[in-house]
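The values are calculated or read from the model by the stated rules, or taken from the named source; none is laboratory data. Everything numeric in this text was worked out from a predicted model, so none of it was measured. Here the Cβ positions follow ideal geometry from the backbone for every residue, glycine too, while neighbour counts run over all protein chains shown. Ligands, DNA and RNA are stripped out before the accessible areas are found, and what is left, the full protein with its side chains, is counted by its heavy atoms. Shrake-Rupley method; radii C 1.70, N 1.55, O 1.52, S 1.80 Å.
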Amino acid sequence: MTRLPAEWESQEFVQLVFPHKDTDWNRYLDDAIDTFVNIAKAIQKYQKVLIIAKDLAHVKSLFDKKKNLTFVRLDCNDTWSRDFGGITVDQDGKKFILDFKFNAWGKKFEFDKDNQITRKLKLKGLLKGYGHQSINFVLEGGAIESTGDGVLMTTSACMLEKNRNPRMKKKQIEQALMQFFGLKKVLWLDHGYLAGDDTDSHIDTLARFISNDTIVYQSCDDEDDEQYEELKKMEEQLGRFKTAAGKSFKLVPLPWIEPKYEGDDRLPATYANFLIINGAVLVPTYHDKNDNKALEVFKNIFPKMDIVAIDCTTLIKEHGSLHCVTMQYPKLSNSGFTSK
């Protein structure tokens, strides 16, 4: 039996791929690296972190404490681990990494190096204990949300985008997802977007499961904002979704974020791009008036977890945020992943 674990289940480690001068981060490289270091140090307090870097010696030097950190030298086009990282399923108690094809959100950017990272990690022995299977299907981790009990949520705009799996219709894609992940149902979100988003509306920028019966989502209360109508329609559709047990989901809105810009470009700031790890929830903040309000929401919905704020004002300059640069790997029954 195949099952796609939920993010809140026990994790073995989180993957991070660090920026370097040959990536698009070069314009603000020091600030970007500082942000990645902050994320790694926050996770390091709770669990293991796999750090991938081209400039390995320099990145290593940024950490005084190496506990829970594993470093590996690999080149990359970019740093969005959520989208080119392996997606792990449970098959009768064993963990298998499904290595889907990554094509930079419909061939928008270069992707050849990123598409090889999971395979190279396996060849280097960094994924011991996990099975590995290459899948001839384009899929990004940020495009899917799992309840862990057979319900998957995605967006039509992303999953049906013509440059990902162009020969497949919606029904075929849904059947493929059902087979890959052992699903009972797929929830297709047809509304909602963030200006400045390169991913064609990844679900992890809009709406997230925090249990098998609760969805948190990015709300908008500014009727003059260009995204207002679509986010309201999204809210209405989320209210019609049903759990695996056939009940309506509890819905928790996240506060609105005032528009953020880099020059004339609107940036896709969202509180929905949080990361759940063992014992804590990392929440993106943006020097916004509602940052503290958002953190209070997370404290209320995760009362037994530490809530850790991560300044992501630099990350959104490259049109992503906290969840986008991370990928969690579920806990192994007999751990073969060791920090070194």
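A few points about this structure:
- First in the stretch 100-118 and closer than 20 Å to MET159 by Cβ, second anywhere and at pLDDT 95 or above and of a type in the set (Val, Ile, Thr), Cβ under 6 Å, 6 or more apart: PHE100/ILE135; LYS101/VAL138; ASN103/VAL138; TRP105/THR199
- Residue list for the stretch 32-47, restricted to those being open to solvent by 50 Å² or more (accessible area, probe 1.4 Å) and not hydroxyl-bearing (Ser, Thr, Tyr): ASP34, ASN38, LYS41, LYS45
- Under the condition of being of a type in the set (Asp, Glu) and open to solvent by 20 Å² or more (accessible area, probe 1.4 Å), the residues counted in the stretch 201-219 number 1.
- Where helices (runs of 4 or more DSSP H) fall entirely within the stretch 1-97, those with at least 3 residues that are more than 29 Å from ILE215 (Cα to Cα) are at 29-44, 56-61.
- Looking only at the stretch 165-191, and only at residues there that are more than 21 Å from GLY106 (Cα to Cα) and of a type outside the set (D, E, K, R), the one that is most open to solvent (accessible area, probe 1.4 Å): GLN179
- Residue pairs whose Cβ atoms lie under 8 Å apart, separated by 6 or more positions or on different chains, with the first residue in the stretch 240-253 and within 15 Å of TRP188 (Cβ to Cβ) and the second of a type in the set (S, T, N, Q) and in a loop (DSSP other than H, G, I, E, B), are PHE249/THR243.
Residue by residue, here is whether (1) closer than 30 Å to ASN68 by Cα; (2) in contact with a Pro (Cβ under 9 Å, 6 or more places away or on another chain) holds:
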| position | (1), (2) |
| --- | --- |
| LYS242 | no, no |
| GLY263 | no, no |
| THR285 | yes, no |
| ILE307 | yes, no |
| LEU315 | yes, yes |
| GLY320 | yes, yes |
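Residue-by-condition table, conditions (1) part of a loop (DSSP other than H, G, I, E, B); (2) buried (at least 18 other Cβ atoms within 10 Å of the Cβ):
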{"residue": "PHE109", "(1), (2)": "yes, no"}
{"residue": "ASN136", "(1), (2)": "no, no"}
{"residue": "LEU152", "(1), (2)": "no, yes"}
{"residue": "CYS158", "(1), (2)": "no, yes"}
{"residue": "GLU161", "(1), (2)": "yes, yes"}
{"residue": "LEU194", "(1), (2)": "yes, yes"}
{"residue": "THR199", "(1), (2)": "yes, yes"}
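Residues checked against (1) in contact with an Asp or Glu (Cβ under 8 Å, 6 or more places away or on another chain); (2) among the aliphatic types (A, V, I, L, M); (3) more than 22 Å from MET234 (Cα to Cα):
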{"position": "GLN91", "(1), (2), (3)": "no, no, yes"}
{"position": "ILE97", "(1), (2), (3)": "no, yes, yes"}
{"position": "PHE109", "(1), (2), (3)": "yes, no, yes"}
{"position": "ASN136", "(1), (2), (3)": "no, no, yes"}
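- Pairing each residue of the stretch 1-22 that is open to solvent by less than 10 Å² (accessible area, probe 1.4 Å) with any residue that is of a type in the set (D, E, K, R) and assigned to a loop (DSSP other than H, G, I, E, B), provided the two are 6+ apart or on different chains, yields C-beta distances under 7 Å for GLN11/LYS331; GLU12/LYS331; HIS20/LYS54; HIS20/ASP55.
- Tally of residues being of a type in the set (Gly, Ala, Ser) and farther than 24 Å from GLY320 by Cα across the stretch 101-152: 6
- From ASP90, ASP64, residue being closer than 28 Å to GLN133 by Cα, of a type outside the set (Val, Ile, Thr) and open to solvent by 10 Å² or more (accessible area, probe 1.4 Å): ASP90
- Exactly one residue among LEU98, LEU50 is open to solvent by less than 50 Å² (accessible area, probe 1.4 Å) and over 19 Å from HIS202 (Cβ atoms), and that residue is LEU50.
- Of the residues in the stretch 254-266, at least one is crowded, with 20+ Cβ neighbours inside 10 Å and part of a loop (DSSP other than H, G, I, E, B).
- The lone criterion from (1) within 17 Å of the chain's Cα centre (by Cα); (2) in a loop (DSSP other than H, G, I, E, B) left unmet by TRP105 is number (2).
- The stretch 123-134, residues that are open to solvent by 20 Å² or more (accessible area, probe 1.4 Å) and within 15 Å of VAL14 (Cα to Cα): LYS128
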